[in-house]
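Here is the structure we will look at.
The values are calculated or read from the model by the stated rules, or taken from the named source; none is laboratory data. On a predicted model such as this, the values are computed, not experimentally measured, just so you know. All Cβ positions, even for glycine, are placed from backbone atoms using ideal geometry, and neighbour counts span all protein chains on display. Surface areas here come from the heavy atoms of the whole protein model, side chains and all, with no ligands, DNA or RNA. Shrake-Rupley method; radii C 1.70, N 1.55, O 1.52, S 1.80 Å.
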Amino acid sequence: MIVVSNNKYDYLIVGAGVFGSVCAHELTKQGKRCLVIDSRNHIGGNCYTENINDIHVHKYGAHIFHTNDKKLWDYINQFAEFKQYTHNVIANYKDEMYTLPFNMWTFNQMWGVNTPEEAKQKIESQKFKGEITNLEEQAMSMVGTDIYNKLIKGYTEKQWNRPCTSLPPSIIKRLPVRFTWDSNYFNDKYTGIPIGGYTQIFEKMLEGIDTLLNSDYFQHKDYYDSIADKVIYTGPIDKFFNYQYGKLEYKSLRWETEKLEQDNFQGNPVINYTDSEVPYTRILEHKWFDPQSQKGTIISREYPTDYDGTNEPYYPIRDNKNTDIYNKYQELTKGLDKYIFGGRLGSYVYYDMHQVIAQALLKIMSFNQKNYQ
Ligand code: FAD
(Lines give C-alpha, C1' and ligand atoms only; values in the text may rest on other atoms or scores of the structure.)
Protein backbone atom coordinates (compact mmCIF):
# COMPACT_ATOMS: atom_id res chain seq x y z
CA MET A 1 0.00 0.00 0.00
CA ILE A 2 2.59 2.58 1.06
CA VAL A 3 5.99 2.44 -0.53
CA VAL A 4 8.71 4.15 1.41
CA SER A 5 12.47 3.60 1.34
CA ASN A 6 12.71 2.97 5.03
CA ASN A 7 10.26 1.40 7.40
CA LYS A 8 11.17 3.38 10.50
CA TYR A 9 11.49 7.13 10.74
CA ASP A 10 12.48 9.57 13.44
CA TYR A 11 9.80 11.99 12.22
CA LEU A 12 6.61 11.68 10.23
CA ILE A 13 5.74 15.15 8.94
CA VAL A 14 2.11 15.72 7.97
CA GLY A 15 2.00 18.55 5.42
CA ALA A 16 4.54 19.62 2.80
CA GLY A 17 3.83 23.35 3.27
CA VAL A 18 6.25 25.87 4.77
CA PHE A 19 6.17 24.49 8.32
CA GLY A 20 6.51 20.82 7.32
CA SER A 21 9.18 21.44 4.68
CA VAL A 22 11.38 23.65 6.89
CA CYS A 23 11.16 21.04 9.70
CA ALA A 24 11.97 18.20 7.27
CA HIS A 25 14.94 20.10 5.82
CA GLU A 26 16.44 21.09 9.16
CA LEU A 27 15.90 17.73 10.85
CA THR A 28 17.40 15.87 7.88
CA LYS A 29 20.46 18.15 8.08
CA GLN A 30 20.81 16.98 11.69
CA GLY A 31 20.82 13.34 10.57
CA LYS A 32 17.18 12.53 11.41
CA ARG A 33 15.15 10.31 9.11
CA CYS A 34 11.96 12.03 7.97
CA LEU A 35 8.92 11.00 5.97
CA VAL A 36 6.75 13.84 4.64
CA ILE A 37 3.17 13.18 3.55
CA ASP A 38 0.61 15.51 2.01
CA SER A 39 -2.99 14.90 1.02
CA ARG A 40 -2.60 17.19 -2.01
CA ASN A 41 -0.97 16.12 -5.27
CA HIS A 42 1.88 18.62 -4.87
CA ILE A 43 4.33 20.01 -2.32
CA GLY A 44 4.43 23.66 -1.14
CA GLY A 45 1.05 23.87 0.61
CA ASN A 46 -0.66 27.17 -0.13
CA CYS A 47 2.55 28.68 -1.53
CA TYR A 48 2.55 26.25 -4.46
CA THR A 49 3.00 27.81 -7.91
CA GLU A 50 2.30 25.90 -11.11
CA ASN A 51 4.38 26.62 -14.20
CA ILE A 52 2.01 27.09 -17.14
CA ASN A 53 3.77 28.39 -20.30
CA ASP A 54 6.53 29.90 -18.11
CA ILE A 55 3.97 31.82 -16.06
CA HIS A 56 4.16 30.85 -12.39
CA VAL A 57 0.53 30.65 -11.37
CA HIS A 58 -0.07 31.30 -7.66
CA LYS A 59 -2.65 28.51 -7.27
CA TYR A 60 -3.74 29.56 -3.78
CA GLY A 61 -3.72 33.33 -4.14
CA ALA A 62 -1.08 36.05 -4.46
CA HIS A 63 2.02 35.27 -2.38
CA ILE A 64 4.62 37.95 -1.73
CA PHE A 65 7.49 37.23 0.62
CA HIS A 66 8.06 40.15 2.99
CA THR A 67 9.95 40.45 6.26
CA ASN A 68 11.99 42.87 8.34
CA ASP A 69 14.14 40.04 9.64
CA LYS A 70 17.40 39.66 7.73
CA LYS A 71 17.94 36.11 9.08
CA LEU A 72 14.61 34.95 7.63
CA TRP A 73 15.31 36.75 4.35
CA ASP A 74 18.74 35.02 4.12
CA TYR A 75 17.12 31.72 5.05
CA ILE A 76 14.60 31.75 2.20
CA ASN A 77 17.22 33.06 -0.26
CA GLN A 78 19.17 29.79 0.15
CA PHE A 79 16.47 28.08 -1.86
CA ALA A 80 15.78 30.55 -4.69
CA GLU A 81 16.94 33.79 -6.18
CA PHE A 82 14.47 36.54 -5.34
CA LYS A 83 13.73 39.64 -7.37
CA GLN A 84 12.99 42.85 -5.55
CA TYR A 85 9.25 43.43 -5.83
CA THR A 86 7.04 46.36 -4.90
CA HIS A 87 3.42 45.38 -4.35
CA ASN A 88 1.13 48.04 -5.80
CA VAL A 89 -2.56 47.22 -5.57
CA ILE A 90 -5.22 49.01 -7.58
CA ALA A 91 -8.95 49.21 -6.86
CA ASN A 92 -11.61 49.22 -9.55
CA TYR A 93 -14.89 50.74 -8.36
CA LYS A 94 -17.37 50.72 -11.27
CA ASP A 95 -14.44 51.41 -13.64
CA GLU A 96 -13.06 54.27 -11.55
CA MET A 97 -9.46 53.33 -10.71
CA TYR A 98 -7.86 54.07 -7.32
CA THR A 99 -4.45 53.38 -5.81
CA LEU A 100 -4.30 51.30 -2.58
CA PRO A 101 -3.56 51.27 0.30
CA PHE A 102 -5.15 54.65 1.08
CA ASN A 103 -2.51 57.30 0.41
CA MET A 104 -2.16 60.70 -1.28
CA TRP A 105 -2.73 59.09 -4.72
CA THR A 106 -6.08 57.70 -3.52
CA PHE A 107 -7.12 61.07 -2.06
CA ASN A 108 -6.05 62.83 -5.24
CA GLN A 109 -8.03 60.37 -7.40
CA MET A 110 -11.08 60.58 -5.09
CA TRP A 111 -11.24 64.34 -4.47
CA GLY A 112 -8.60 66.02 -6.63
CA VAL A 113 -6.68 67.20 -3.53
CA ASN A 114 -2.91 67.65 -3.78
CA THR A 115 -1.65 68.19 -0.23
CA PRO A 116 -1.90 66.17 3.01
CA GLU A 117 -3.62 69.14 4.70
CA GLU A 118 -6.39 69.23 2.04
CA ALA A 119 -6.85 65.43 2.32
CA LYS A 120 -7.11 65.61 6.12
CA GLN A 121 -9.68 68.41 5.88
CA LYS A 122 -11.75 66.41 3.39
CA ILE A 123 -11.74 63.35 5.67
CA GLU A 124 -12.53 65.50 8.72
CA SER A 125 -15.59 66.97 6.97
CA GLN A 126 -17.05 63.48 6.33
CA LYS A 127 -15.88 61.60 9.39
CA PHE A 128 -18.19 59.55 11.62
CA LYS A 129 -17.86 61.17 15.05
CA GLY A 130 -20.24 59.15 17.28
CA GLU A 131 -19.56 56.13 19.45
CA ILE A 132 -18.13 53.30 17.33
CA THR A 133 -20.07 50.05 17.51
CA ASN A 134 -19.37 48.35 14.15
CA LEU A 135 -17.00 48.18 11.18
CA GLU A 136 -18.93 50.73 9.12
CA GLU A 137 -18.62 53.38 11.83
CA GLN A 138 -14.98 52.51 12.44
CA ALA A 139 -14.11 52.87 8.73
CA MET A 140 -16.07 56.13 8.36
CA SER A 141 -14.30 57.53 11.43
CA MET A 142 -10.94 56.86 9.77
CA VAL A 143 -11.48 57.82 6.11
CA GLY A 144 -14.94 59.44 5.78
CA THR A 145 -17.96 58.38 3.74
CA ASP A 146 -16.65 58.60 0.13
CA ILE A 147 -13.78 56.17 0.61
CA TYR A 148 -15.92 53.93 2.80
CA ASN A 149 -18.72 53.72 0.22
CA LYS A 150 -16.50 53.23 -2.83
CA LEU A 151 -13.52 51.28 -1.55
CA ILE A 152 -14.43 49.51 1.68
CA LYS A 153 -18.13 48.66 1.93
CA GLY A 154 -18.70 46.37 -1.09
CA TYR A 155 -15.29 44.67 -0.84
CA THR A 156 -15.58 43.93 2.88
CA GLU A 157 -19.17 42.69 2.60
CA LYS A 158 -18.15 40.31 -0.20
CA GLN A 159 -15.21 39.09 1.89
CA TRP A 160 -17.26 38.38 5.00
CA ASN A 161 -20.62 37.71 3.38
CA ARG A 162 -22.17 40.00 6.01
CA PRO A 163 -23.15 43.71 6.16
CA CYS A 164 -20.42 45.98 7.55
CA THR A 165 -22.89 47.13 10.22
CA SER A 166 -22.83 43.61 11.71
CA LEU A 167 -19.02 43.22 11.66
CA PRO A 168 -16.81 44.19 14.63
CA PRO A 169 -14.76 47.43 14.34
CA SER A 170 -11.57 45.50 15.25
CA ILE A 171 -11.31 43.97 11.74
CA ILE A 172 -10.44 47.31 10.22
CA LYS A 173 -8.63 49.09 13.05
CA ARG A 174 -5.20 48.55 11.51
CA LEU A 175 -6.26 49.88 8.10
CA PRO A 176 -3.26 51.79 6.73
CA VAL A 177 -4.02 55.46 5.95
CA ARG A 178 -0.98 57.36 4.66
CA PHE A 179 -0.66 61.05 4.01
CA THR A 180 2.32 60.44 1.71
CA TRP A 181 2.56 59.48 -1.97
CA ASP A 182 3.76 56.00 -1.03
CA SER A 183 1.62 53.22 -2.47
CA ASN A 184 3.95 50.30 -1.67
CA TYR A 185 1.64 47.82 0.07
CA PHE A 186 4.34 46.40 2.34
CA ASN A 187 6.63 48.51 4.51
CA ASP A 188 9.06 45.68 5.21
CA LYS A 189 12.81 46.00 4.63
CA TYR A 190 12.87 42.88 2.41
CA THR A 191 10.12 42.15 -0.12
CA GLY A 192 10.49 39.80 -3.04
CA ILE A 193 9.18 37.18 -5.41
CA PRO A 194 11.24 34.06 -6.20
CA ILE A 195 12.38 34.10 -9.83
CA GLY A 196 10.95 30.86 -11.23
CA GLY A 197 8.13 30.54 -8.66
CA TYR A 198 7.77 29.13 -5.15
CA THR A 199 7.63 25.39 -5.88
CA GLN A 200 11.39 25.14 -6.50
CA ILE A 201 11.93 26.29 -2.88
CA PHE A 202 10.06 23.25 -1.58
CA GLU A 203 11.76 20.93 -4.10
CA LYS A 204 15.12 22.06 -2.71
CA MET A 205 14.01 21.85 0.92
CA LEU A 206 12.72 18.31 0.40
CA GLU A 207 15.56 17.05 -1.82
CA GLY A 208 16.48 13.48 -0.84
CA ILE A 209 13.65 13.24 1.72
CA ASP A 210 10.95 10.54 1.36
CA THR A 211 7.76 12.35 0.36
CA LEU A 212 4.35 10.85 -0.31
CA LEU A 213 1.69 12.90 -2.09
CA ASN A 214 -2.06 12.17 -2.30
CA SER A 215 -1.69 10.65 1.17
CA ASP A 216 -4.11 11.67 3.90
CA TYR A 217 -2.78 11.09 7.40
CA PHE A 218 -6.19 10.23 8.81
CA GLN A 219 -6.80 7.47 6.28
CA HIS A 220 -3.96 5.41 7.78
CA LYS A 221 -3.24 7.23 11.03
CA ASP A 222 -2.36 4.11 13.06
CA TYR A 223 0.03 2.88 10.39
CA TYR A 224 1.74 6.27 9.99
CA ASP A 225 2.04 6.68 13.75
CA SER A 226 3.59 3.23 14.01
CA ILE A 227 6.44 3.97 11.60
CA ALA A 228 7.75 7.14 13.27
CA ASP A 229 8.95 8.08 16.74
CA LYS A 230 7.48 11.59 16.50
CA VAL A 231 4.77 13.16 14.36
CA ILE A 232 4.83 16.80 13.25
CA TYR A 233 1.27 17.72 12.33
CA THR A 234 0.47 20.87 10.29
CA GLY A 235 -3.18 20.16 9.41
CA PRO A 236 -6.27 21.60 11.18
CA ILE A 237 -5.95 21.08 14.94
CA ASP A 238 -9.71 20.50 15.45
CA LYS A 239 -9.64 17.62 12.97
CA PHE A 240 -6.72 15.98 14.81
CA PHE A 241 -8.86 15.82 17.95
CA ASN A 242 -11.90 14.60 16.05
CA TYR A 243 -13.76 17.89 16.61
CA GLN A 244 -14.47 16.87 20.22
CA TYR A 245 -14.88 20.50 21.35
CA GLY A 246 -16.61 21.54 18.13
CA LYS A 247 -15.44 22.80 14.74
CA LEU A 248 -13.21 25.84 14.35
CA GLU A 249 -14.33 28.38 11.75
CA TYR A 250 -12.29 29.53 8.76
CA LYS A 251 -12.81 31.73 5.73
CA SER A 252 -12.28 30.08 2.39
CA LEU A 253 -11.67 31.25 -1.17
CA ARG A 254 -12.02 29.85 -4.66
CA TRP A 255 -10.39 30.90 -7.90
CA GLU A 256 -11.58 30.75 -11.50
CA THR A 257 -8.49 30.65 -13.66
CA GLU A 258 -8.45 31.49 -17.35
CA LYS A 259 -5.74 31.40 -20.04
CA LEU A 260 -5.96 34.32 -22.45
CA GLU A 261 -4.33 34.87 -25.85
CA GLN A 262 -3.64 38.56 -25.21
CA ASP A 263 -0.31 39.47 -23.63
CA ASN A 264 -1.61 41.99 -21.12
CA PHE A 265 -5.03 41.84 -19.46
CA GLN A 266 -4.77 44.41 -16.66
CA GLY A 267 -1.11 45.49 -16.44
CA ASN A 268 -0.80 44.73 -12.70
CA PRO A 269 -0.57 41.54 -10.59
CA VAL A 270 -3.63 42.38 -8.46
CA ILE A 271 -6.68 44.56 -9.02
CA ASN A 272 -9.38 44.66 -6.32
CA TYR A 273 -13.03 45.00 -7.34
CA THR A 274 -14.63 47.01 -4.58
CA ASP A 275 -18.28 47.37 -5.64
CA SER A 276 -20.86 44.86 -4.48
CA GLU A 277 -22.25 44.05 -7.98
CA VAL A 278 -19.03 42.33 -9.21
CA PRO A 279 -19.12 38.93 -7.46
CA TYR A 280 -15.33 38.45 -7.14
CA THR A 281 -13.03 40.50 -4.90
CA ARG A 282 -9.90 40.51 -7.04
CA ILE A 283 -8.33 39.50 -10.31
CA LEU A 284 -4.74 38.23 -10.27
CA GLU A 285 -2.70 38.39 -13.47
CA HIS A 286 0.11 36.01 -12.59
CA LYS A 287 2.73 37.01 -15.15
CA TRP A 288 3.19 40.45 -13.53
CA PHE A 289 4.61 38.92 -10.34
CA ASP A 290 7.65 37.93 -12.39
CA PRO A 291 7.40 39.25 -15.97
CA GLN A 292 9.66 37.45 -18.45
CA SER A 293 8.08 38.43 -21.80
CA GLN A 294 5.87 35.30 -21.72
CA LYS A 295 3.33 34.93 -24.54
CA GLY A 296 -0.34 35.15 -23.59
CA THR A 297 -1.48 35.58 -20.01
CA ILE A 298 -3.26 33.79 -17.15
CA ILE A 299 -5.74 35.44 -14.82
CA SER A 300 -7.60 34.19 -11.72
CA ARG A 301 -10.79 35.71 -10.37
CA GLU A 302 -10.87 35.32 -6.58
CA TYR A 303 -14.19 34.63 -4.83
CA PRO A 304 -14.53 34.56 -1.03
CA THR A 305 -16.56 31.54 0.12
CA ASP A 306 -17.70 30.12 3.41
CA TYR A 307 -15.71 27.17 4.72
CA ASP A 308 -17.95 24.10 4.81
CA GLY A 309 -15.50 21.29 5.61
CA THR A 310 -15.18 20.18 1.98
CA ASN A 311 -13.22 23.17 0.66
CA GLU A 312 -9.89 24.55 1.95
CA PRO A 313 -9.63 26.33 5.33
CA TYR A 314 -7.57 29.46 4.50
CA TYR A 315 -8.08 32.09 7.17
CA PRO A 316 -8.71 31.17 10.83
CA ILE A 317 -11.49 33.36 12.27
CA ARG A 318 -9.85 34.25 15.58
CA ASP A 319 -12.85 35.70 17.40
CA ASN A 320 -13.61 35.00 21.06
CA LYS A 321 -15.77 31.94 20.38
CA ASN A 322 -13.15 30.25 18.18
CA THR A 323 -10.27 31.26 20.45
CA ASP A 324 -12.03 29.53 23.36
CA ILE A 325 -12.43 26.35 21.31
CA TYR A 326 -8.82 26.52 20.10
CA ASN A 327 -7.53 26.95 23.67
CA LYS A 328 -9.26 23.73 24.67
CA TYR A 329 -7.56 21.84 21.82
CA GLN A 330 -4.25 23.44 22.72
CA GLU A 331 -4.67 22.18 26.27
CA LEU A 332 -5.06 18.63 24.90
CA THR A 333 -1.73 18.86 23.01
CA LYS A 334 0.16 19.32 26.28
CA GLY A 335 0.12 15.70 27.35
CA LEU A 336 1.02 14.34 23.92
CA ASP A 337 4.79 13.94 23.70
CA LYS A 338 4.72 12.08 20.41
CA TYR A 339 2.91 14.85 18.50
CA ILE A 340 4.14 18.32 17.63
CA PHE A 341 1.71 20.90 16.20
CA GLY A 342 2.66 23.85 14.07
CA GLY A 343 1.99 26.06 11.07
CA ARG A 344 -1.10 28.05 10.23
CA LEU A 345 -3.67 25.31 10.75
CA GLY A 346 -1.90 23.50 13.59
CA SER A 347 -1.68 26.81 15.52
CA TYR A 348 -4.98 28.30 14.23
CA VAL A 349 -3.32 31.64 13.46
CA TYR A 350 -3.07 33.55 10.21
CA TYR A 351 0.70 33.53 9.72
CA ASP A 352 2.65 34.90 6.79
CA MET A 353 5.37 32.72 5.28
CA HIS A 354 8.26 34.33 7.18
CA GLN A 355 6.40 33.85 10.47
CA VAL A 356 5.89 30.15 9.74
CA ILE A 357 9.59 29.73 8.92
CA ALA A 358 10.44 31.44 12.23
CA GLN A 359 7.98 29.20 14.10
CA ALA A 360 9.47 26.04 12.52
CA LEU A 361 13.08 27.06 13.24
CA LEU A 362 12.22 27.85 16.86
CA LYS A 363 10.47 24.52 17.24
CA ILE A 364 13.55 22.66 15.94
CA MET A 365 15.74 24.63 18.35
CA SER A 366 13.46 23.60 21.22
CA PHE A 367 13.85 19.88 20.27
CA ASN A 368 17.62 20.29 20.38
CA GLN A 369 17.50 21.97 23.78
CA LYS A 370 15.36 19.12 25.12
CA ASN A 371 17.88 16.57 23.83
CA TYR A 372 20.67 18.28 25.78
CA GLN A 373 18.73 18.38 29.08
P1 FAD B 1 -0.05 25.15 4.53
O2 FAD B 1 0.60 25.88 3.41
O3 FAD B 1 -1.53 25.18 4.61
O4 FAD B 1 0.44 23.64 4.48
C5 FAD B 1 -0.20 22.61 5.21
C6 FAD B 1 -0.18 21.36 4.36
O7 FAD B 1 -0.69 20.28 5.14
C8 FAD B 1 -1.08 21.47 3.12
O9 FAD B 1 -0.32 21.19 1.97
C10 FAD B 1 -2.15 20.40 3.37
O11 FAD B 1 -2.54 19.74 2.17
C12 FAD B 1 -1.44 19.43 4.30
N13 FAD B 1 -2.36 18.65 5.13
C14 FAD B 1 -3.36 19.13 5.93
N15 FAD B 1 -4.02 18.11 6.49
C16 FAD B 1 -3.43 16.97 6.05
C17 FAD B 1 -3.68 15.58 6.27
N18 FAD B 1 -4.68 15.14 7.07
N19 FAD B 1 -2.88 14.66 5.66
C20 FAD B 1 -1.88 15.07 4.84
N21 FAD B 1 -1.62 16.38 4.58
C22 FAD B 1 -2.38 17.31 5.19
N23 FAD B 1 1.98 34.75 3.22
C24 FAD B 1 2.92 35.68 2.92
O25 FAD B 1 3.99 35.70 3.55
N26 FAD B 1 2.72 36.57 1.89
C27 FAD B 1 1.58 36.58 1.15
O28 FAD B 1 1.43 37.41 0.25
C29 FAD B 1 0.57 35.62 1.47
N30 FAD B 1 -0.59 35.59 0.76
C31 FAD B 1 -1.53 34.65 1.06
C32 FAD B 1 -2.69 34.61 0.30
C33 FAD B 1 -3.66 33.65 0.57
C34 FAD B 1 -4.91 33.64 -0.24
C35 FAD B 1 -3.46 32.72 1.62
C36 FAD B 1 -4.50 31.69 1.93
C37 FAD B 1 -2.30 32.74 2.37
C38 FAD B 1 -1.32 33.70 2.11
N39 FAD B 1 -0.13 33.76 2.83
C40 FAD B 1 0.82 34.70 2.53
C41 FAD B 1 0.11 32.83 3.96
C42 FAD B 1 0.92 31.59 3.55
O43 FAD B 1 0.19 30.87 2.58
C44 FAD B 1 1.15 30.74 4.81
O45 FAD B 1 1.94 31.46 5.72
C46 FAD B 1 1.84 29.41 4.57
O47 FAD B 1 1.34 28.74 3.46
C48 FAD B 1 1.64 28.55 5.81
O49 FAD B 1 2.33 27.35 5.68
P50 FAD B 1 1.87 26.09 6.53
O51 FAD B 1 2.91 25.04 6.33
O52 FAD B 1 1.55 26.49 7.92
O53 FAD B 1 0.44 25.67 5.92
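Report yes if some residue within the range 332-349 is touching a His at 6+ places or on another chain (Cβ under 7 Å), among the hydrophobic types (A, V, I, L, M, F, W, C), over 21 Å from residue 10 (Cα atoms) and in contact (Cβ under 8 Å) with a residue 40 or more places away in the chain; otherwise report no.
No, the range 332-349 contains no residue that is touching a His at 6+ places or on another chain (Cβ under 7 Å), among the hydrophobic types (A, V, I, L, M, F, W, C), over 21 Å from residue 10 (Cα atoms) and in contact (Cβ under 8 Å) with a residue 40 or more places away in the chain.
Quick check: anything in the range 292-299 of a type in the set (A, V, I, L, M) and within 16 Å of the ligand (Cβ to nearest atom)?
Yes, because at least one residue in the range 292-299 is of a type in the set (A, V, I, L, M) and within 16 Å of the ligand (Cβ to nearest atom).
Residue by residue through the range 260-269, note down the ones that are in contact (Cβ under 8 Å) with a residue 24 or more places away in the chain, more than 18 Å from residue 61 (Cβ to Cβ) and not acidic (Asp, Glu).
Hits for the range 260-269 are 260, 262, 264.
With the requirement that a residue be touching a Pro at 6+ places or on another chain (Cβ under 8 Å), assigned to a loop (DSSP other than H, G, I, E, B) and either surrounded by 13 or more Cβ atoms within 10 Å (Cβ to Cβ) or of a type in the set (Ser, Thr, Tyr) (or both), what does the range 80-97 give you?
Answer for the range 80-97, where residues must be touching a Pro at 6+ places or on another chain (Cβ under 8 Å), assigned to a loop (DSSP other than H, G, I, E, B) and either surrounded by 13 or more Cβ atoms within 10 Å (Cβ to Cβ) or of a type in the set (Ser, Thr, Tyr) (or both): 80, 87.
Which members of the range 332-351 meet the condition of being within 26 Å of residue 68 (Cβ to Cβ) and either surrounded by fewer than 17 Cβ atoms within 10 Å (Cβ to Cβ) or among the aromatic types (Phe, Trp, Tyr) (or both)?
Going residue by residue through the range 332-351, those that are within 26 Å of residue 68 (Cβ to Cβ) are 342-351.
Listed by number, the residues that qualify are 348, 349, 350, 351.
Please find, within the range 58-79, the residue that is farthest from the ligand (Cβ to nearest atom) out of those that are in a loop (DSSP other than H, G, I, E, B) and not aromatic (Phe, Trp, Tyr).
If we take residues in the range 58-79 being in a loop (DSSP other than H, G, I, E, B) and not aromatic (Phe, Trp, Tyr), then 78 is farthest from the ligand (Cβ to nearest atom).
Give the residues of the range 359-373 that are open to solvent by less than 30 Å² (accessible area, probe 1.4 Å) and closer than 19 Å to residue 44 by Cα, sorted by residue number.
360
Would you please name the residue that is farthest from the chain's Cα centre (by Cα), looking only at residues in the range 105-120 that are open to solvent by less than 50 Å² (accessible area, probe 1.4 Å) and of a type in the set (Val, Ile, Thr)?
Here the residue is 113.
Can you name the number of the only condition in (1) out of contact with any strand residue (DSSP E or B) (no Cβ under 7 Å at 6 or more places or on another chain); (2) part of a helix (DSSP H, G or I) that residue 128 fails?
It is condition (2) that residue 128 fails.
Any residue at all in the range 37-46 that is more than 30 Å from residue 9 (Cβ to Cβ), in a loop (DSSP other than H, G, I, E, B) and either out of contact with any His (no Cβ under 9 Å at 6 or more places or on another chain) or within 10 Å of the ligand (Cβ to nearest atom) (or both)?
Step one: of the range 37-46, the residues more than 30 Å from residue 9 (Cβ to Cβ) are none.
No, the conditions are met nowhere in the range 37-46.
Starting from the range 293-310, take each residue that is buried (at least 17 other Cβ atoms within 10 Å of the Cβ) and list its partners that are part of a strand (DSSP E or B) and of a type in the set (S, T, N, Q), counting only C-beta distances under 6 angstrom and pairs at least six apart or across chains.
These pairs meet every condition: 300/257; 307/252.
What number goes with the only condition from (1) more than 22 Å from the chain's Cα centre (by Cα); (2) within 27 Å of residue 339 (Cβ to Cβ); (3) crowded, with 18+ Cβ neighbours inside 10 Å; (4) not small (Gly, Ala, Ser) that residue 13 does not pass?
(1)
Quick check on this structure: which one of 117, 26 is part of a helix (DSSP H, G or I) and free of Cβ contacts under 8 Å to residues at least 12 places away in the same chain?
Values: 26 fails: free of Cβ contacts under 8 Å to residues at least 12 places away in the same chain.
After applying the criteria, what remains is 117.
Can you tell me which residue in the range 158-193 is surrounded by the most Cβ atoms within 10 Å (Cβ to Cβ), limited to those that are in contact with a helix residue (DSSP H, G or I) (Cβ under 6 Å, 6 or more places away or on another chain) and in a helix (DSSP H, G or I)?
Per the criteria, the residue is 164.
Given the options 188, 182, name the one that is among the acidic types (Asp, Glu) and within 11 Å of the ligand (Cβ to nearest atom).
Numbers: 182 fails: within 11 Å of the ligand (Cβ to nearest atom).
None of the other options fit; the residue is 188.
If the requirement is being of a type in the set (A, V, I, L, M) and under 21 Å from residue 256 (Cα atoms), which of these qualifies: 64, 76, 123?
That would be 64, the only listed residue that is of a type in the set (A, V, I, L, M) and under 21 Å from residue 256 (Cα atoms).
For the range 270-277, does any single residue satisfy the condition of being closer than 27 Å to residue 228 by Cβ, touching a residue at least 40 places away in the same chain (Cβ under 8 Å) and within 16 Å of the ligand (Cβ to nearest atom)? Walk me through it before giving the result.
Restricting attention to the range 270-277, the residues satisfying the condition of being closer than 27 Å to residue 228 by Cβ are none.
Within the range 270-277, none of the residues are closer than 27 Å to residue 228 by Cβ, touching a residue at least 40 places away in the same chain (Cβ under 8 Å) and within 16 Å of the ligand (Cβ to nearest atom).
Please find, among 260, 284, the residue that is open to solvent by less than 50 Å² (accessible area, probe 1.4 Å) and within 15 Å of the ligand (Cβ to nearest atom).
After ruling out the rest, the residue left standing is 284.
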